[in-house]
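Below is one structure; the comments refer to it alone.
The values are calculated or read from the model by the stated rules, or taken from the named source; none is laboratory data. Computed from a predicted structure; not experimentally measured. Positions of Cβ are generated from backbone atoms using ideal geometry, with glycine treated the same way; all protein chains shown enter the neighbour counts.
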Amino acid sequence: MKKKNIVILGGSYAGVSTAHRILKNVDKAAPFKITLVSPNTHFYWNVASPRGMIPGQLTDEQLFLPIAAGFGKYSADQFEFINGSAESVDTEGKTVVIATEARKVTLDYDMLIIATGTRTTERSPFKGVGSTEETRGLLHEFQEKIDKAKTIVVAGAGVTGVEVAGELGSEYGREKEIILVAAEATVLSVAPRHVSKLASQALQKVDVRLKLQTKIIDSIPRPDGKQELTLSNGETLTTDMYIPTFGLIPNSSFIPDRFLNTRGFATVDAHLNFKGTTDVWAIGDICDVEYCQILSCDRQSTYVAKSIVAILGGTGPAAPYKAMTSRMMGLQIGKKAGTGFYGSWRIPTFLVVRLRKTLFVERLGPMVDGSQF
């Protein structure tokens, strides 16, 4: 039987978890090899980045672990890690062109999983920004700026903005001025009203000043290192540090346009395949099926891994994927508060705090080495 080449693009949660799930569950008699491609040498636990950017809260070792070492128990004919980035995909010829530091490599595939995720519209450490060295360096840069700043403006009151403002307020609320600016009339505008209200109260308790229904329309660096922000109401704010937290851009430049929607996210069918294909899957943040969050990544990873295990075992693809119809979200607001919701139901604060008090950093090791799956 011909060995099946499975190529996975992306070394964050969706890609790494899917690789482990396939390796751990496929019949070892089925000949296959997984090649995992990532521009990062290390897995970055960005779930904890709002706390990780606060000086002294988390070490680099708690946030970054080498990917290849996590697959060390597998032989070279079962698994290969390539530190590089996808440049193009040919779905007819079944090839992917990878750019590494030294050269370009063309990989043939029988099955392709695209899990390249998203990046922030503004350069920030809430997502990877390229190589592990670049991301780690940017995180350290934020830590240094936060340590020195007396005033910090956070823009955007979605989940990331609220978590960032909450961490800053919890640590510095009485010694630094923390301002959260948002275009909407409430924080967490995607949440039920009672959850938004609770989040606002929790932020105010840690001395975060809310400036709602206001947009930042321009940011100009001053010679003294401060930022001058022009607001939609005509006011200006001068701050030592400006942290934008809104907007995600899919890492999809290598994907043919016919497989992308107007925002650049991959469009897939009921089996999470590129439409018109049966051997190319898109999962995680790059995919247009569900919200960009780790819960969706995990569900999609589980589904695609089971599908591929079934195909390798000769039993065919799985039943269609069932996307979540109600959004579920939990978030920490500093170390002592938090909130969340499932559909229109609020998740009790004590439960959110208990579950998320460490921001799951203890899961990084088991996730990277596969023992979690």
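Quick one: count up the residues across region 100-113 that are more than 21 Å from PRO250 (Cβ to Cβ) and in a loop (DSSP other than H, G, I, E, B). Result for region 100-113: 4.
Here CYS297 meets each of (1) surrounded by 15 or more Cβ atoms within 10 Å (Cβ to Cβ); (2) closer than 26 Å to PHE71 by Cα; (3) without any contact (Cβ under 8 Å) to a residue 40 or more places away in the chain with one exception, condition (3). Pairs linking a residue in region 57-80 that is in contact (Cβ under 8 Å) with a residue 60 or more places away in the chain and under 18 Å from GLY137 (Cβ atoms) to a residue that is in a loop (DSSP other than H, G, I, E, B) and not β-branched (Val, Ile, Thr), with Cβ atoms under 6 Å and 6 or more positions apart or on different chains, are LEU63/TRP45. Restricting attention to region 82-119, the residues that are among the charged types (D, E, K, R) and in contact (Cβ under 8 Å) with a residue 60 or more places away in the chain add up to 5.
Does PHE64 satisfy being surrounded by 14 or more Cβ atoms within 10 Å (Cβ to Cβ), in contact with a helix residue (DSSP H, G or I) (Cβ under 6 Å, 6 or more places away or on another chain), within 28 Å of LEU364 (Cβ to Cβ) and not aliphatic (A, V, I, L, M)? Answer is no for this residue. Answer yes or no as to whether VAL97 is assigned to a strand (DSSP E or B), over 14 Å from GLY84 (Cα atoms) and among the β-branched types (Val, Ile, Thr). For VAL97, the condition - assigned to a strand (DSSP E or B), over 14 Å from GLY84 (Cα atoms) and among the β-branched types (Val, Ile, Thr) - is not met.
Can you confirm whether ARG263 is among the charged types (D, E, K, R), farther than 21 Å from PHE373 by Cβ and under 19 Å from the mean Cα position of the chain (by Cα)? Before the answer, list the steps.
Numbers: among the charged types (D, E, K, R): yes; farther than 21 Å from PHE373 by Cβ: yes; under 19 Å from the mean Cα position of the chain (by Cα): yes.
So ARG263 passes the test.
Just one residue in the set VAL304, VAL352 is within 30 Å of LYS28 (Cα to Cα), among the hydrophobic types (A, V, I, L, M, F, W, C) and surrounded by 15 or more Cβ atoms within 10 Å (Cβ to Cβ); that residue is VAL304.
Every residue in region 272-305 that is of a type in the set (Lys, Arg) and either at pLDDT below 95 or in contact with a strand residue (DSSP E or B) (Cβ under 7 Å, 6 or more places away or on another chain) (or both), please. So that I can check it myself, show each step before the final result.
First, pick out the residues of region 272-305 that are of a type in the set (Lys, Arg): 275, 299.
Selection gives LYS275 alone.
Checking the conditions here, which among ALA319, ALA266 is loosely packed, with under 14 Cβ neighbours inside 10 Å and not charged (D, E, K, R)? Working first, answer last.
Numbers: ALA266 fails: loosely packed, with under 14 Cβ neighbours inside 10 Å.
Among ALA319, ALA266, only ALA319 is loosely packed, with under 14 Cβ neighbours inside 10 Å and not charged (D, E, K, R).
Restricting THR135, THR116 to residues that are among the hydroxyl-bearing types (Ser, Thr, Tyr), assigned to a helix (DSSP H, G or I) and under 26 Å from the mean Cα position of the chain (by Cα) narrows the list to THR135.
The residues of region 26-56 that are touching a residue at least 60 places away in the same chain (Cβ under 8 Å), in contact with a helix residue (DSSP H, G or I) (Cβ under 7 Å, 6 or more places away or on another chain) and closer than 18 Å to THR116 by Cα, listed by number, are ASN40, THR41, HIS42, PHE43, TYR44, TRP45, VAL47.
If we only count strands (runs of 3 or more DSSP E) wholly inside region 207-256, which ones have 1 or more residues that are under 30 Å from PHE274 (Cβ atoms), under 26 Å from the mean Cα position of the chain (by Cα) and not hydroxyl-bearing (Ser, Thr, Tyr)?
Details: elements: 208-211, 216-221, 227-231, 236-239, 241-244, 248-250.
Because the criterion is at least 1 residues that are under 30 Å from PHE274 (Cβ atoms), under 26 Å from the mean Cα position of the chain (by Cα) and not hydroxyl-bearing (Ser, Thr, Tyr), the strands (runs of 3 or more DSSP E) in region 207-256 that meet it are 248-250.
Only residues that are within 21 Å of VAL309 (Cα to Cα) and in contact with a Lys or Arg (Cβ under 8 Å, 6 or more places away or on another chain) were counted in region 279-293, giving 1.
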